[in-house]
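Below you'll find the structure, written out as structure tokens, and then a few comments.
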Amino acid sequence: MFEPHAATVLALLEVRQLSAAVAPDPRNPAGLAWTGGSAEAERNHVLQAIAEHLTLTWVRDLPPQVSAGVVALLDPALARDLGIMPIAVTADGGVEVAVVNPFDQRIPREVAGAFGRPVICRVADPPRVLSLIRRHYGSEGDRVGPGVNVAVEEARDSAVPAPVVRAVDDLLGVAVRERASDLHLEVFDGAFQVRMRVDGAFVRLEEPALALAGPMISRVKVLAGLDSAERRRPQDGRIRVLSAGRPVDLRVSTLPTHGGESVVVRVLDAPVQGRRLADLGLSPAALAGIERVLARPQGLLAVTGPTGSGKTTTLYGVLDRLNTPERKLITVEDPVEYEVEGITQIALAPAVGLTFAAAVRAFLRHDPDVIMVGEIRDEATARVAVQAALTGHLVLTTLHAGDTVGVIARLLDMGIEPYLIAAALQGVVAQRLVPRICAQCREPVAAESGARVGERLDSLAMRYRGRGCAHCEQRGSRGRVGIYEWMEVDDALREAISAQRPPSELRAAARAAGLSALEDDAARLVRLGQATLQDVQRVR
């Protein structure tokens, strides 16, 4: 057994005596601090003894300022948690790190994983190390975490000099201010790319240095409550920030890639999305049809469309319409995107057996009036949703299909019997999103000859476009508008479904029942000057 020499024992005793004079600091669990009465020589003696005991090197003088490149190597939250400060990069690529508490057993394990390169720990005066950490990474109050609100605009203007903190806060602020739906951080071989999707189109931002990719991605992961050291498997988390005084939820998804990691931050800005059913831009006929279905005590209302077409927003609009004290509403989502007061919302958790199907079965014992199933993906979920719709519950859900009639085929493919579909299905919304013409610079244009996209669109003599202005940043469009197809199921259509008629006959029956087709709604938007002919052509 190693027996420390007398000087080391005395030094450790000295540390404990000195530590008792100060309040405990969570970032300094060993209590390594000195009061003003300690002489510098005594502090140096203790530090040298500790370094010798731990076979580390003592650093007497720390640099007053550390280069931005070295600071960017470490995540700010990890620096504050462990009380570590990178101070230099060695010739062979290693990192010298000054530590507040050299007795912390977590440091060798956590630091090596964070840097991904050799680490050399140095013993230094703890108050000076803490001062460097605060100067370069901010104080504990600057930390962001799950469930903690941070003002993005205030963070952008703060005096925290850490480049990684500023870079990430700036990116989040830009994404919110520019009404982006997604922010993408992607690492390729030799490049770090940052893009955001605005009104459905990608906008490429200034390319940061490749050396910042790891620290910036790690920073986002820490903010989202994810394991910053885990790079081998996908992770999902959330961040809540304040922008202009209102809360904005950010959904974070990480994905390991060949070049490193890819991170997508989805911006869930409720005021921008607009959750009221009447505000979604549905045609009067479609809105009236949905209202008729929502007035019924039971049945299945489905929303379909490709990824990113606004299906969830439509469902939240329906929930808003139904959310009254007289009704009990329960949802199961993957994940919960918007928190709505008065609604019981459950997040999917397959790891513990909480699937869509299991959740709906459990819901039925809680006497709900309305059930929202985030998505029907398999036969088990489809069957339990249909059964719930037939036993006195209004069920809302999404499916992936090409159009309204395609939902019938999708349920049949999942193994649901035709007579059950006919009995349960009340209505289907199919939708797409297109850029909305900027209202500030909208101008009429002559119809182009030879542009054949269907009789309804061909007959439109007056069309519009956005000229481009400061309001829309010269894009000619600002925001997006929905194109909707609405199908209400009547008795004739139920008979056609039960008889397993082919899709062409089902669509003919739906038209006879008043189907409002995507092309009809596209023509309406072009006529109203809300969308261009070119944009609606892309989504037909």
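Every read-out reported here was derived from the displayed coordinates using simple, explicitly stated rules and does not represent laboratory data. Keep in mind that this is a model prediction, so the values were computed, not measured. Backbone-built Cβ (ideal geometry, glycine too); neighbour counts: all protein chains shown.
Couple of notes before you dig in:
- In this rough spin-label picture, where each label sits 7 Å from Cα along the Cβ direction, the GLN500-ARG60 distance is 9.1 nm.
- With R₀ fixed at 22 Å, the C-beta to C-beta distance from GLU341 to ARG179 puts the FRET efficiency at about 0.35.
- Virtual spin-label span in nm between LEU412 and GLN105, 7 Å along Cα→Cβ: 6.5 nm
- When only the Cβ of Lys, Arg, Asp and Glu is charged (+1, +1, -1, -1), the dipole of segment 262-327 relative to its Cα centre reaches about 140 debye.
- Note on ALA349 and ARG128: the extension gain reaches 75.0 nm, defined as 0.36 nm multiplied by sequence separation minus the Cα-Cα distance.
- Loop-located GluC sites (Glu not before Pro) in segment 192-294, at most 12 other Cβ atoms within 10 Å (DSSP): GLU206
- Counted residue by residue at 0.36 nm each, then reduced by the alpha carbon distance between them, the extension gain from ARG276 to VAL203 reaches 23.4 nm.
- The simple spin-label model puts a point 7 Å past each Cα toward its Cβ; for ALA439 and HIS258 those points are separated by 4.7 nm.
- The calculated FRET efficiency for ALA492 paired with ALA285, based on their beta-carbon distance and R0 = 22 Å, is about 0.75.
- You can think of it this way: the chain between ARG321 and ARG232 has 27.8 nm of extra reach, that is 0.36 nm per residue less the Cα-Cα gap.
- Neighbour net charge for ALA423 - beta-carbon separation under 12 angstrom, K R +1, D E -1: -2
- Rounded FRET efficiency, nearest 0.05, which uses the C-beta distance separating ALA191 from ARG166 and R0 of 25 Å: 0.70
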